[in-house]
Amino acid sequence: MKPIRLMSGFFTVGIWTLISRVMGFARDILIAGYLGTGVAAQAFIIAFSLPNLFRRFFAEGAFNMAFVPMFSKKLEGGEDARAFAQDAFVAMTLILSVFTVVGIIFMPWLVTAMASGFREDARFDLAVEYGRIAFPYIMFISLTALLSGVLNATGRFVAAAAAPVILNVVFIIAMLVTALLGRDMSDSLGMGIDRALGLQIGDSLALAVPLGGILQMGIVWWAASRAGFTMTLRMPRWTPELKKLAIIAAPAALAGGVVQINLLVGRQVASFFDGAVAWLSYADRLYQLPLGVVGIAIGVVLLPDLSRRLRAGDAAGGRDAFNRAAELSLALTVPAAVALLVIPVPLTSVLFQRGAFTPEDTMATALAVAVYGLGLPAFVLQKSLQPLFFAREDTRRPFIYALVAMVLNLVIALGLAPYVGFIAAALGTTAVGWIMVAQLWIGSRSMGAAATWDDRFRARIWRIVLASVGMGVVLFGAAVVLGPFLATEGLRYLALAVLIAIGIVSYFGIGQMIGAFRLQDFRRALRR
């Protein structure tokens, strides 16, 4: 059986996720420039959020958190893992086919559940239209998640990690082609070139969603076939393994998707403030960059590795994997969180402020970026702590923790909205992120030494925080000096690149000096 190289896999997933996030930035920069925070932008954001919400609940959340440990243990034990994966593939195809049809029919109710504030204006009908076009994406991307789980459990990470890049490429091509061809016909629509072109681009984005899903699924299906796991369609059958999978997946639906539930509450609150849905979405893109590169990579690689170590009885190896994953993730995300707190305005203005995206949009989005930055380490720690439970097929306790977090998020977001406006949504998400970490950490105490911090982690974590604070001071001073260049068209991209480079160099320099890490640790990790 091909072993999982933990750190090599982490960096593989992280690098491809970084490429995907950069392409996502390019996508959002174009959306911000063409659509700003107008009707088409807000309608598309909600429409695209719907299949993504259910995907993260049922595919990447519930299903994968239940499927990957079971599949990994069958691989490690030499059982018929392929037959199990095939049965799961067929069952998921059947369930998702029905669910897609139901979702398209009840789209007005789904949009209302996501953004009831839209019902009073033109955003609602457009969101329903876009939602019906985009919703079949859930079938293709959920099957992609299953096939990705198969690949990840066998130590093959490249295809699954690279697949998300395709969707962003499809989005970018769709917008550029529409912008190139659409202006000639915009005058005939009688609503002004910019508004008509915005609606055309919105239509193209909606159509690009299912197309991108089909291409993503094709890539990982091909990779899984090459690995000896060719999935085909046939008559479904209900097996004891699928029954067990369903029992484990039911509570994991909430436990694995708590962040998505909190984002849903946030969007519901934001929908009552014009432009806020877009502000939170663009801010989400910024903090999701380090979260995706580090947090998702840790979760993807750590879960199958812990599952297989548990089956093999390797408690010491499991503890080391957990500690190194948490240490590396915090070493990369704590400084990112500090940067989001210190320079949110330069980041937002340089990346998004152009065309229909105004200075007022920049300030609102930057505020949300800073609030999300406070919660970034918590979001990443969850990705390290949750596999401790899921690898043991324990979804009941994370389910209870998620319920507590969801209720508290609802109380915070709705309670603060009348006083602080749309930012209450971001405050709620950040607060419950830390609450969720506290619950997971306390709950993991019953797992013994396998879930404890080792001496190396305890010695380095406070140094990581100190190096990040030092970087923040340097970054703030550099932002003041580079301020005029950050506001100058044509120079602001270079100025932002210089600013980010100063932050990276200062962090690694301070960190090396005070022993937060050694650069050879990263080189050694690449070989593991």
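The values are calculated or read from the model by the stated rules, or taken from the named source; none is laboratory data. Since the structure is predicted, the reported quantities are computational estimates derived from the model, not experimental observations. A quick note on method: Cβ atoms are made from the backbone with ideal geometry, for glycine too, and the neighbour counts reach across all protein chains shown. For the accessible areas, the whole protein counts, side chains as well, though only heavy atoms, and no ligand, DNA or RNA atoms are used. Shrake-Rupley method; radii C 1.70, N 1.55, O 1.52, S 1.80 Å.
For segment 393-528, report the accessible area per residue in Å² (1.4 Å probe, heavy atoms, rounded to an integer).
Result: 51 Å² per residue.
Starting from the Cα of D454, step 7 Å along the direction of its Cβ; do the same at I95; then give the gap between the two resulting points in nm.
Rounded to a tenth, the inter-label distance reads 3.7 nm.
Could you calculate the contour length gain from R354 to A83, that is, 0.36 nm times the residue separation minus the distance between their Cα atoms, to one decimal place in nm?
92.3 nm
Tabulate in residue order the Karplus-calculated ³J(HN,Hα) for segment 359-372, using 6.51 cos²θ - 1.76 cosθ + 1.60 with θ = phi - 60°, rounded to whole Hz; enter x for Gly and Pro.
x, 5, 5, 4, 5, 5, 5, 4, 4, 5, 4, 5, 5, 4
Which length gain, in nm to one decimal place, applies between W238 and I504 when the Cα-Cα distance is subtracted from 0.36 nm times their residue separation?
Result: 90.5 nm gained on full extension.
With the crude spin-label approximation of a point 7 Å out along Cα→Cβ, what separation in nm comes out for L176 versus A487?
Computed distance between label sites L176 and A487 equals 3.3 nm.
Suppose R0 equals 35 Å. What FRET efficiency, 1/(1 + (r/R0)^6) with r the Cβ-Cβ distance, do W109 and A246 give to the nearest 0.05? Intermediate values should be presented prior to the final figure.
On the way: r = 25 Å, r/R0 = 0.73.
Once the sixth-power term is evaluated, E becomes 0.85.
When a/c reaches 1.5 or more, the comparison of a/b and b/c decides; with that in mind, is segment 373-528 rounded, prolate or oblate per its Cα gyration tensor?
Oblate, because a/c is 1.5 or more while a/b does not exceed b/c.
Classify segment 111-180 as rounded, prolate or oblate, taking a ≥ b ≥ c as the square roots of the eigenvalues of its Cα gyration tensor: rounded when a/c is under 1.5, otherwise prolate if a/b is larger than b/c and oblate if not.
oblate
Using the Kirkwood radius over C-alpha pairs as Rh, can you work out the diffusion coefficient of segment 417-507 via Stokes-Einstein at 37 °C, viscosity 0.692 mPa s, in µm² per second?
Details: Rh = 17.1 Å.
Taking Rh from Cα pairs, D becomes 192 µm²/s.
Using the per-residue mean of other Cβ atoms lying within 10 Å as a proxy for protection, in what order, highest first, do the peptides 215-227, 269-281 fall?
269-281, 215-227
Run the quick spin-label model on D320 and Y419: label points 7 Å from Cα toward the beta carbon, then report their separation in nm to one decimal.
5.0
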